[in-house]
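The structure under discussion appears below in the form of structure tokens.
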Amino acid sequence: MASSLQVSALLLPSSSSSCCCSRKIDAAIHVPKLPKAPFSVPKIPTSRKLIDELNNIRVDGFTNTIPVLQNINFTTTPFVDDVKAQNSTAFANTQLYSLLEAVADRVEMHANIGKQRDNWNTLLLNSINMMTLTAATLAGVAAIGGVGMPLLALKLSSTLLYSAATGMLLVMNKIQPSQLAEEQSKATRLFKQLRSQIETMLALGATTEEDVKDMMERVLAIDRAYPLPLLGSMLDKFPEKFEPASWWPSNQILQKKTKSHERKQRENNGWSEELEVEMRDIVEVVKRKDSRDYERLGNLVLKINKILSLSGPLLTGIAAVGSACVGNGSWAAIVAMAAGALATTANALQHGGQVGMVFEMYRNNGGFFRLLQETIEATLEKGDLEKRENGELFEMKVALQLGRSLSQLRELARKSASHRLDGTAIDEFASKLF
């Protein structure tokens, strides 16, 4: 009996606990359902539809429009314009960097070729002079005591050396190695100057496509003025008359603008009537003294170079004929030896004295004065003073190019004006550098 009571006592709590659990579970399952509230999510309108809806909002029976939204142009905003300008500047900078690499390569190339052609001048001069002197010596030895086969050998050797010297002189006088070296030296200097200008432009920033185009034209103009090849595009070493060198593009200087008839009396952009008169007086001095003097000297050196270029091969040719006639009379040996000595002298004077280099130097100096003259005239022809370079800066550049201080430049302009009024020629050159 006791055992059955214990079993029932154990089962009662179990049944009560299961009942509680069933109640809890039933309460959890039978949750009252909430009624569904039907609603729809509106579609987001496009930008144009949104603007139309905002423009049609009605407040108190009145339509309030938004004019700012009506006039928006999504393709041309200040932000887009700034991005385009930055992209354009970045592309121009990239082009300038590429151009800078090409200019640096040209500097190295012209410098190396200039050294090579200077070596040509030295080596050819020494070789031709040694050949000529050796041929003259052999002709003299043959005339003294050569008979039979020794005489023939001496005569033949002398004739061959004179003939070889004649051919080499013709080639050397045609290409003028000293003048070629001066051309490459000038081209190297101009390309270095152009490289400096490009680096300055990149450092300052705000480059444009016009800057790239201008620099490209300058590079090509220098290439045309000082070509590297010897065949086909080599400059004429003996022109009909002296012409100054031209290494700048035609549109760089001769950009003429309409003159303005209304000039302000006050200084504008550093310019004044006095400064314009001063620049015109400087141009007159450059024309009448420096340019004319270099033209006279250039024509003189050109004539001397032509005479020497003809004299050397002619004398060695005569010496070759004389050496071939040695043994048939005393005059043949005299002609062979004297002509050889004169040929050596003419060759040493022409190529040792580098007459071709002097002629090219005069061409470059004449080109410098022509460029200065055209720059001043083109600047003064610009009617809009604001489009000119700053007057004070321009005056300083002209003074430095002529090797003068500002006070010396103004004094030169006053002298030019006074001599023009007196009808006399000024006796002073504009440049103190060369």
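The values are calculated or read from the model by the stated rules, or taken from the named source; none is laboratory data. Note that the structure is predicted; figures quoted are calculated from it, not measured. Cβ: placed from backbone, ideal geometry, glycine included. Neighbour counts: every protein chain shown. In case anyone asks, the SASA skips ligands and DNA or RNA and just uses the protein heavy atoms, side chains included. Shrake-Rupley method; radii C 1.70, N 1.55, O 1.52, S 1.80 Å.
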*Top-ranked residue of region 86-103 - restricted to ones that are closer than 13 Å to Glu199 by Cα and among the β-branched types (Val, Ile, Thr), ranked as farthest from the chain's Cα centre (by Cα)*: Thr94
*Determine whether region 228-245 contains at least one residue that is surrounded by 15 or more Cβ atoms within 10 Å (Cβ to Cβ) and either at pLDDT 95 or above or within 14 Å of the chain's Cα centre (by Cα) (or both).*
no
*On the given criteria, is Leu315 buried (at least 21 other Cβ atoms within 10 Å of the Cβ), free of Cβ contacts under 8 Å to residues at least 60 places away in the same chain and part of a helix (DSSP H, G or I)?*
yes
_Scope region 131-146; condition over 19 Å from Thr345 (Cα atoms), surrounded by fewer than 24 Cβ atoms within 10 Å (Cβ to Cβ) and in contact (Cβ under 8 Å) with a residue 24 or more places away in the chain; matching residues_ = Ala143, Gly146
*Near pairs, Cβ below 7 angstrom, 6+ apart or cross-chain, from region 348-372 (more than 20 Å from Glu240 (Cα to Cα)) to any residue that is open to solvent by 10 Å² or more (accessible area, probe 1.4 Å) and outside any helix (DSSP H, G or I)*: Leu371/Trp248
_Check on Gly403, at pLDDT 90 or above, in a helix (DSSP H, G or I), over 11 Å from Ile282 (Cα atoms) and small (Gly, Ala, Ser)_ = no
*Filter pass, Glu395 being of a type in the set (Asp, Glu), open to solvent by less than 20 Å² (accessible area, probe 1.4 Å), touching a Gly at 6+ places or on another chain (Cβ under 9 Å) and modelled with pLDDT under 95*: yes
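Given the condition within 30 Å of Glu240 (Cα to Cα) and touching a residue at least 40 places away in the same chain (Cβ under 8 Å), answer yes or no: does some residue in region 332-339 qualify?
no
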*If you check Leu300 against the conditions, is it hydrophobic (A, V, I, L, M, F, W, C), out of contact with any helix residue (DSSP H, G or I) (no Cβ under 7 Å at 6 or more places or on another chain), under 27 Å from Gly353 (Cβ atoms) and at pLDDT 95 or above?*
yes
*Looking at Ala348, Ala336, which one is in contact with a Phe, Trp or Tyr (Cβ under 8 Å, 6 or more places away or on another chain) and hydrophobic (A, V, I, L, M, F, W, C)?*
Ala336
*Residue check for Ala336: modelled with pLDDT under 95, among the small types (Gly, Ala, Ser) and surrounded by 21 or more Cβ atoms within 10 Å (Cβ to Cβ)*: yes
*Keeping to region 169-205, report how many residues are open to solvent by 70 Å² or more (accessible area, probe 1.4 Å) and in contact with a Pro (Cβ under 7 Å, 6 or more places away or on another chain).*
1
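Among Thr166, Thr208, which is the only one that is surrounded by fewer than 17 Cβ atoms within 10 Å (Cβ to Cβ), of a type in the set (S, T, N, Q) and more than 14 Å from the chain's Cα centre (by Cα)? Outline the logic, then answer.
Numbers: Thr166 fails: surrounded by fewer than 17 Cβ atoms within 10 Å (Cβ to Cβ).
Criteria check complete, one pass: Thr208.
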*Taking region 406-425 as the region of interest, how many residues are touching a helix residue (DSSP H, G or I) at 6+ places or on another chain (Cβ under 6 Å) and either loosely packed, with under 14 Cβ neighbours inside 10 Å or not in a helix (DSSP H, G or I) (or both)?*
1
*Answer with yes or no whether Met234 is touching a residue at least 40 places away in the same chain (Cβ under 8 Å) and within 13 Å of Leu100 (Cα to Cα).*
no
